[in-house]
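To keep things clear, I will list the structure first and then write my remarks on it.
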Amino acid sequence: MVDILAAGGRDTVERTRRVLGAGGVVLLPTDTVYGLAVSPEHDDAIDRLFVLKQRPRQRNLPVMVDSPVRLSPLGVRIGEGARRLLESDLMPGPLTVVLGFGHEGPCSWLQGRREVAVRIPSDPFMLSLLHAAGPLLVTSANLHGLPTMQTVPEILLQLAREPALAVDGGRREAVPSSLVNCAVDPPVIEREGIVSDSRIREILG
């Protein structure tokens, strides 16, 4: 049976960091929906995440970081549209930005990709964990093609297998982050989520 920790627990960040560092898949509360997270340094953990979610392997996993300064080591190229979004009051927050790569190409664990979806969540627990653990691969905690449930018990019943650890942050709304593709010029809004299209267009100018 999977261990479940409270997001506000005194040692939850450190215990979660250790599980991720050992190659575990963890169910986590973000500022939008619950997510499944792994360290990008563990290929076997990535494989298990795809099995838990039954996600097609050709669908790449998004990346979460705690600050825009963590993006440069990924090798991404930040154009004017992405810069405006990253410097706006939507960051950190429920906005995913797709970025292309610079001339030197992506970092080692992003090799083979032409672009990457990145997000900086506003959830205090997630920011603390990302600060401690570094960038994580995080995707919504649902079976592929099904809606994301709002509580940890519901999610654990839906997944194909159990994660190594679950962090309970209470009920989460089932509305995902908005997604803007800034790897193209001009940027394209590819998914409307919590942030309205009009607000995004206002920031992009």
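The values are calculated or read from the model by the stated rules, or taken from the named source; none is laboratory data. Values in this document were obtained by computation on a predicted structure and should not be read as measured data. Every residue, glycine among them, receives a Cβ derived from its backbone with ideal geometry; neighbour counts consider all protein chains shown. Heavy atoms of the whole protein, side chains included, go into the accessibility calculation; ligands, DNA and RNA do not. Shrake-Rupley method; radii C 1.70, N 1.55, O 1.52, S 1.80 Å.
Annotations
- Enumeration of residues in the stretch 169-205 that are open to solvent by less than 60 Å² (accessible area, probe 1.4 Å), polar (S, T, N, Q) and more than 27 Å from Thr151 (Cα to Cα): Asn181
- Residue match in the stretch 42-50 (condition: of a type in the set (Asp, Glu), open to solvent by 20 Å² or more (accessible area, probe 1.4 Å), part of a strand (DSSP E or B) and over 23 Å from Gln150 (Cα atoms)): no
- Check on Gly75, touching a Cys at 6+ places or on another chain (Cβ under 6 Å) and among the small types (Gly, Ala, Ser): yes
- Residues being part of a loop (DSSP other than H, G, I, E, B) and either within 15 Å of the chain's Cα centre (by Cα) or under 25 Å from Ser196 (Cβ atoms) (or both) - total across the stretch 74-116: 10
- Whichever residue in the stretch 54-92 is basic (Lys, Arg) and at pLDDT below 95 and, among such residues, is nearest to Ala160 (Cα to Cα): Arg55
- The stretch 84-100 residues that are open to solvent by less than 10 Å² (accessible area, probe 1.4 Å), paired with ones that are outside any strand (DSSP E or B) and of a type in the set (Lys, Arg) (beta carbon under 8 Å, 6 or more apart): Gly100/Arg114
- Considering Ser39, Ser67, the condition of being touching a residue at least 24 places away in the same chain (Cβ under 8 Å), loosely packed, with under 14 Cβ neighbours inside 10 Å and out of contact with any Asp or Glu (no Cβ under 9 Å at 6 or more places or on another chain) is satisfied by Ser67 alone.
- Residue check for Ile155: aliphatic (A, V, I, L, M) and surrounded by 21 or more Cβ atoms within 10 Å (Cβ to Cβ): yes
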